[in-house]
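I have placed the structure first, in the form of structure tokens, so that the comments after it can refer back to it.
The values are calculated or read from the model by the stated rules, or taken from the named source; none is laboratory data. Please read these numbers as outputs of a predicted model, since none were measured by experiment. All Cβ positions, glycine included, derive from the backbone under ideal geometry; neighbour counts span all protein chains shown.
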Amino acid sequence: MSRRRGSWIAFSVACGVSVVGASPIACAQKPAPLRAAQIQTEVEAGDAEAGDPFAPARRLRVPWASELDPDMELGVAPDPSEEAEPRELAALPTDLARAAEALARGEASVALARTEDLKGLDPIRTRRAQVIRATALAEVGRWAEAVALHEALREDKIWRKEFATEILDLYFARALAALAAGQSAAPEGSEARAEAQALNERASGLLGDALSVKLNREGPAMRVERARIQAAMTGEDEKAGYWAAVKAVRTLDGVLRDYPNHPDHGQLRLLRARTLVRAKKYDQAGAAFRSIAIEHAGEPAAELAWREWEALAAAQPKKVDTPEWSWRMRLDAAKHARDARYVEHSAEVLDALMASPDLPEHYFREAQRSRAQTSRRARNWEQCIVDLEKAWERSNNHELRDELSRCYERGERYDELLDLWLEGVA
């Protein structure tokens, strides 16, 4: 779980509202309009009086204080003639508020310490503390305890009406899937394997029910998480595993189609290829591994895909070709790495390619032009000039002259730039 997502649920839980990302200061019970300086002073004074070892070492800054008073403009000093109205005390106990703040900072252990003793809290605040605690337990890897807390929260129908339930459902499904991952490696037919299958099925069904709701702010994240959970479902036997893999491939296809710019796109494609192997579609899996190795060059997914392609070819030599880097595959891999801004990897591939004595001439020229583009992307103007000057000697065309001009200009080679454009002028 990312630190940013932890802050969303922490602050929204602490405030008891369904607005994701609500702030701890803004969740006071209907405070009067406040000035930024007044809020800053009171926050610092509260921290100083508390003297708490869990208090943040730095001062809490409130850049969003202007939102509390719509008449106040940023950069305008408050009018000293106006008397500030008295502010009501914060509605949250100190421990609960600081637990939410600690979870937002990524300090899950501090949040757990803050929510250890829930005595003296009313039912609503107890539920808020339980949500913070469940999120913190998942952060530190105590999945069984996190699942137990989420179970108790789901049984409270009144509480679910006051909070963004889709966030709770997403975190609950992740906790279930993580708990199942520790048991999925058990032998086929064992009780642990059956329990892991049941946990994954429940998590997938939970997300499916949540996705059927029209107003769902976590829809994309739920779809991706559901695809990962279904890909981890191996089934209790071989037949069930086959149909589970087929279903997972279909779900992953939809996610990859709808979210082509997902930050884990390469990992999701690798997950799909592995699922194809489980579905015994070896030829499609081999093609998927090959495309990942080329189109995600420079990423960890590409190296893993190549190794798994080799292992699959060794296990299924009649259905999967033996992996081998051809000249064209290397050129394409360098291009994709450059487009994804893995310029160092792209340069390494092209340098090794051009150093090969068996490289055909037409591939050498294409690699030289590609290395010039990679050097320009990496702001290595000298290498860009060297490659483009050699290409200019072979072919004088307008596109090549424009590229060489840009490298001359950025490399501050102005004399060569003038000679290039005055070449052939009487």
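One table, with the values for the structure above:
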item: Complete set of residues in segment 354-372 that are acidic (D, E) and closer than 16 Å to D332 by Cβ; result: E366
item: Residues satisfying the stated conditions in segment 113-162, i.e. of a type outside the set (D, E, K, R), surrounded by fewer than 23 Cβ atoms within 10 Å (Cβ to Cβ) and over 17 Å from A178 (Cβ atoms); result: A113, L118, G120, L121, P123, I124, T126, Q130, A152, L153, I158, W159
item: For L268: the one exception among (1) free of Cβ contacts under 8 Å to residues at least 40 places away in the same chain; (2) in a helix (DSSP H, G or I); (3) within 23 Å of A240 (Cα to Cα); result: (1)
item: Residue count for segment 376-395, restricted to those that are crowded, with 18+ Cβ neighbours inside 10 Å and of a type in the set (K, R); result: 1
item: Which numbered condition V224 fails, given (1) at pLDDT below 90; (2) of a type in the set (V, I, T); (3) part of a helix (DSSP H, G or I); result: (1)
item: From Y363, Y342, residue being surrounded by 14 or more Cβ atoms within 10 Å (Cβ to Cβ), farther than 27 Å from E423 by Cα, in contact with a Gly (Cβ under 6 Å, 6 or more places away or on another chain) and of a type outside the set (K, R); result: Y342
item: Filter pass, V110 being modelled with pLDDT of 85 or more and within 23 Å of D209 (Cα to Cα); result: no
item: Residue among K214, K247 that is assigned to a loop (DSSP other than H, G, I, E, B), charged (D, E, K, R) and out of contact with any Ser or Thr (no Cβ under 7 Å at 6 or more places or on another chain); result: K214
item: Tally, over segment 244-272, of residues that are acidic (D, E) and either touching a Pro at 6+ places or on another chain (Cβ under 9 Å) or under 22 Å from A196 (Cβ atoms) (or both); result: 1
item: Helices (runs of 4 or more DSSP H) wholly inside segment 273-367 containing at least 1 residues that are without any contact (Cβ under 8 Å) to a residue 40 or more places away in the chain and on the phi > 0 side of the Ramachandran plot; result: none
item: Check on A194, crowded, with 17+ Cβ neighbours inside 10 Å, among the small types (G, A, S) and closer than 24 Å to A279 by Cβ; result: no
item: Residue match in segment 230-246 (condition: within 15 Å of Y171 (Cβ to Cβ), free of Cβ contacts under 8 Å to residues at least 60 places away in the same chain and surrounded by 20 or more Cβ atoms within 10 Å (Cβ to Cβ)); result: no
item: Cross-chain or 6+ apart pairs with Cβ under 6 Å, segment 106-126 first and farther than 20 Å from D156 by Cα and free of Cβ contacts under 8 Å to residues at least 60 places away in the same chain, then crowded, with 18+ Cβ neighbours inside 10 Å and of a type in the set (F, W, Y); result: none
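Here is a yes/no grid of residues against (1) assigned to a helix (DSSP H, G or I); (2) modelled with pLDDT of 90 or more:
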{"site": "F54", "(1), (2)": "no, no"}
{"site": "A77", "(1), (2)": "no, no"}
{"site": "E85", "(1), (2)": "no, no"}
{"site": "L92", "(1), (2)": "no, no"}
{"site": "D95", "(1), (2)": "yes, no"}
{"site": "E101", "(1), (2)": "yes, no"}
{"site": "K119", "(1), (2)": "no, no"}
{"site": "A129", "(1), (2)": "yes, no"}
{"site": "L137", "(1), (2)": "yes, yes"}
